[in-house]
Amino acid sequence: MSVELAPYTTAWCHAFEAEAKALRSVLDTVLIELHHIGSTAIQGIVAKPVIDMLGVVTSLEAVDAADTALLKAGYVPKGENGITGRRYFQKSNTVTGQRTHHLHLYPSGSPHIERHLAFRDYLRAHPQKAAEYNDLKRRILADKPLSRTAYQDLKAPFILATEAMAVEWHRQRPPAPARSDKACPVIYRRRDDRIEVLAFRHPTADLQFVKGSIEPGEVPETAARRELKEESGIALVDPMGFIGAHRLGEQQRLWYFYLAEVADLPDRWSHQTEDDDGHVFDFFWHPSGENLTVEWHPLFHEMFSVIQTSLFSLHTRVHPSRPL
C-alpha cells in the first residue's frame with residue numbers, strides 16, 4: 001500500500017478526543033493515560049490521515065486479557081510488532097477498509113513513552129524543526145509513490161536524530177506544577193569577589209527569601225517573576241535561569257528555583273507589599289558562603305542549601321580559585 005499524505009486539519013484532534021473516550025471505556029482500569037502522538041498531533045505537518053495514540057497501561061498482561069474487548073471495538077491486535085515491551089493495535093474503517101487508528105500500549109515506566117511524547121512536544125515547541133520534518137516528508141514522496149516501509153526507512157534518520165535532541169530537551173524542562181507547589185526567584189549579586197543573595201526581614205515571620213505559590217495554570221517562571229515583583233518591587237526584564245525543582249519541607253511540596261543576577265540594586269531598601277496584609281519587607285543581601293542563623297525557619301535552611309549548590313557551581317566556573 002502506497003503512502004498518501006494529507007494537509008493538517010484540526011479534525012484530527014477531534015477524532016482523537018472521540019476515540020479516546022471510547023477507549024477509556026473499553027480499557028477501564030487497564031489504561032492510566034492516553035496521548036495523541038505522531039504527525040496528526042502536530043499542527044501544520046502533513047501526515048497520513050491515521051490517528052496515532054499512545055496508551056500508558058498498568059501491565060502488558062492486563063492488555064492481553066483485554067484483547068477480545070479491543071477486537072470488538074475494532075482494534076486488531078498485532079502483538080509487539082517489532083518493539084519489545086509494546087502491544088500494538090490497528091483499526092480500520094469497516095466500510096472502506098482504510099486504516100484510521102494506530103494504538104501503541106506501553107506499561108508505565110517504559111522508555112518508549114518518553115521518546116514518543118518528547119518528539120511530539122519538541123516539534124510543537126520548535127516550529128522550524130516541525131517545518132523541516134514537513135518538507136522532508138514532501139520531498140520523499142515528490143518523485144514517486146512509496147510503500148509504508150520505504151517511506152518509514154527514509155524518514156528514520158531525521159526521526160532518530162530529532163528524538164535524541166527531544167529527549168534531552170524534555171528532561172531539562174521543569175515538571176508541571178501542582179496547586180500547592182512554590183516558585184523561588186533567587187536574585188544574586190557579586191561584591192568583592194563573593195556572591196550575595198537577596199533576602200528580607202518579614203515584620204512578623206523573621207528572615208526569608210522571596211518565594212510564593214504557583215497559581216492554577218501559571219508557568220513556574222511567571223510565578224517567580226510575579227512573586228519577585230509583589231514582594232520586592234523588582235520587575236525583571238532579562239530571562240531567568242531554571243536551576244531545578246526540589247521537594248522541601250514536611251509536606252514535600254515541589255519548589256521551582258530560578259536564578260538571575262542583578263547588579264544595580266541598593267544595599268538595603270524597604271517595600272510595602274500589595275498583598276500579605278500590606279506588610280513592609282526590609283531587604284538586604286546575605287553572603288552565599290555564610291550559613292543561616294536560627295532567625296531563619298528550617299524550610300529556608302533547606303532552600304538555602306539548594307541555592308548554595310547552584311551558586312557554588314556558577315562561582316567556580318567564573319572564579320575557580322576564589323572562595324564564595
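Miscellaneous remarks
- Contour excess over end-to-end distance, with Cα ends at Thr68 and Glu114 and 0.36 nm allotted per residue: 13.7 nm
- For Trp255, distant residues with modelled amide H under 5 Å away: Lys182, His246, Arg247, Leu248
- Computed E for Gln252/Ala22 - FRET, C-beta separation, R0 45 angstrom, nearest 0.05: 0.75
- By accessible area with a 1.4 Å probe, ligands and nucleic acids excluded, highest first: order of Thr40, Thr96: Thr96, Thr40
- Distance-filtered residues of segment 274-314 - backbone nitrogen under 14 Å, label point 7 angstrom along Asp206 Cα→Cβ: 292-304
- Gain in span if fully extended, Ser180 to Glu295, counting 0.36 nm per residue against the direct Cα distance: 38.9 nm
- For the chain, adding -39500 (n - 2.57) for each run of n ≥ 4 DSSP H residues and dividing by the number of residues yields -12000 deg cm²/dmol at 222 nm.
- Each principal axis of the Cα cloud of segment 46-189 was taken in turn, and the coordinate range along them, longest first, works out to 67, 45, 26 Å.
- Surface/4 estimate of mean projected area, convex hull on alpha-carbon atoms of segment 1-126, nm²: 7.9 nm²
- Net lengthening on full extension, Arg173/Thr273 (0.36 nm per residue, minus Cα-Cα): 32.9 nm
- Surface exposure of the chain, expressed per residue as accessible area with a 1.4 Å probe, stands at 53 Å².
- All lysines inside 19 Å of Lys91 as judged from Cα atoms, apart from same-chain residues fewer than 8 positions distant: Lys21, Lys48, Lys72, Lys78
- Plainly put, segment 180-220 has a radius of gyration that is 1.10 times its Kirkwood radius, both from alpha-carbon atoms, as the Rg/Rh ratio.
- Debye equation applied to the C-alpha atoms of the chain, log10 I(q)/I(0) at 0.07, 0.08, 0.13 Å⁻¹: -0.44, -0.56, -0.98
- Relative compactness, segment 143-224, computed as alpha-carbon Rg over 2.2 N^0.38 Å: 2.00
- Debye-sum result for segment 116-173 in log10 I(q)/I(0), which assumes one identical scatterer on each alpha carbon, at q = 0.14, 0.23 Å⁻¹: -0.41, -0.91
- Percent accessible area from carbon and sulfur atoms, the chain, protein chains only, probe 1.4 Å: 51 percent
The values are calculated or read from the model by the stated rules, or taken from the named source; none is laboratory data. Quick caveat: nothing in here was measured; it's all calculated off a predicted structure. With ideal geometry, Cβ positions are generated from the backbone for all residues, glycine too; neighbour counts draw on all protein chains shown. What goes into the accessible areas is simple: the full protein's heavy atoms, side chains included, and nothing from ligands, DNA or RNA. Shrake-Rupley method; radii C 1.70, N 1.55, O 1.52, S 1.80 Å.
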